Amino acid sequence: MHSHDSLPEASSDPDRGFGEWPGEFRFCPMCGDSLTRRLVGGKRRPACESCGFVHFRNPGVGAAVVLRDEQDRLLLVRRGPHATRAGLWSIPAGYVDYGEDVRAGAARELLEETGLIATIGEPVWVATNTHDPAKVTIGIWFAGELTGGRLAAGDDADDVGWFPLGELPPLAFDTDGAYIASLGA
Ligand SMILES: [Zn+2]
């Protein structure tokens, strides 16, 4: 894996990120009262004065599966009309469910989007995805080894195919692009 060369500086400002990321809770998800902001763990966070709930807003986790065929082509899916960046292509991926093993989530998303079954191997890339500022995720790209299934687009994908690295269709996400560029194609 490669390190990023333009990471923002670490900050201990208790108001770091405030107002920067849309989609903050305004009401307590536990009791429904309005949230205020309270200094917890060095950061002012949305908190409920009625029940004590504190919203530690963490990124979601997205798991992607990198599959290459015997001709070294890469498996990509085209994002369907209801998906983010519809019509553009991405490495098969999706959100890991709460409590779900990250590799099981990767395998599930691959099966749902492509009809293929794979053994999930080691991580080959990790990145922060900020393309949707209201739903930031940490992406983990796993190497996959195809073991079965039958290629058919499904779920959020409306097409699926194998592409030579030099002839890729338009990509939806710059983080997929950064990983693919790291392959030296
Ligand atoms: Zn509450």
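The values are calculated or read from the model by the stated rules, or taken from the named source; none is laboratory data. Note that the structure is predicted; figures quoted are calculated from it, not measured. Using ideal geometry, Cβ is built from the backbone for each residue, glycine included, and neighbour counts are taken over all protein chains shown.
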task: State whether the residues of the range 112-129 include one that is touching a residue at least 60 places away in the same chain (Cβ under 8 Å) and among the charged types (D, E, K, R).
output: no
query: Out of the residues in the range 52-88 that are among the β-branched types (Val, Ile, Thr) and more than 16 Å from the ligand (Cβ to nearest atom), which is farthest from residue 104 (Cα to Cα)?
result: 84
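Would it be correct to say that residue 49 is within 16 Å of the ligand (Cβ to nearest atom) and either part of a strand (DSSP E or B) or not aliphatic (A, V, I, L, M) (or both)?
yes
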statement: Expected single match for more than 16 Å from the ligand (Cβ to nearest atom) and outside the structural domain of residue 123 (by TED's automatic domain parsing) among 13, 33 is 13
- request: Working carefully through the options 94, 87, find the one that is over 16 Å from residue 179 (Cα atoms), assigned to a strand (DSSP E or B), among the small types (Gly, Ala, Ser) and at pLDDT below 95.
  value: 94
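Just to be sure I understand, how many residues within the range 102-142 are acidic (Asp, Glu) and closer than 29 Å to residue 17 by Cα?
Taking the range 102-142 and keeping what is acidic (Asp, Glu), we get 109, 112-113, 122, 132.
Adding the requirement that they be closer than 29 Å to residue 17 by Cα leaves 132.
Result for the range 102-142: 1.
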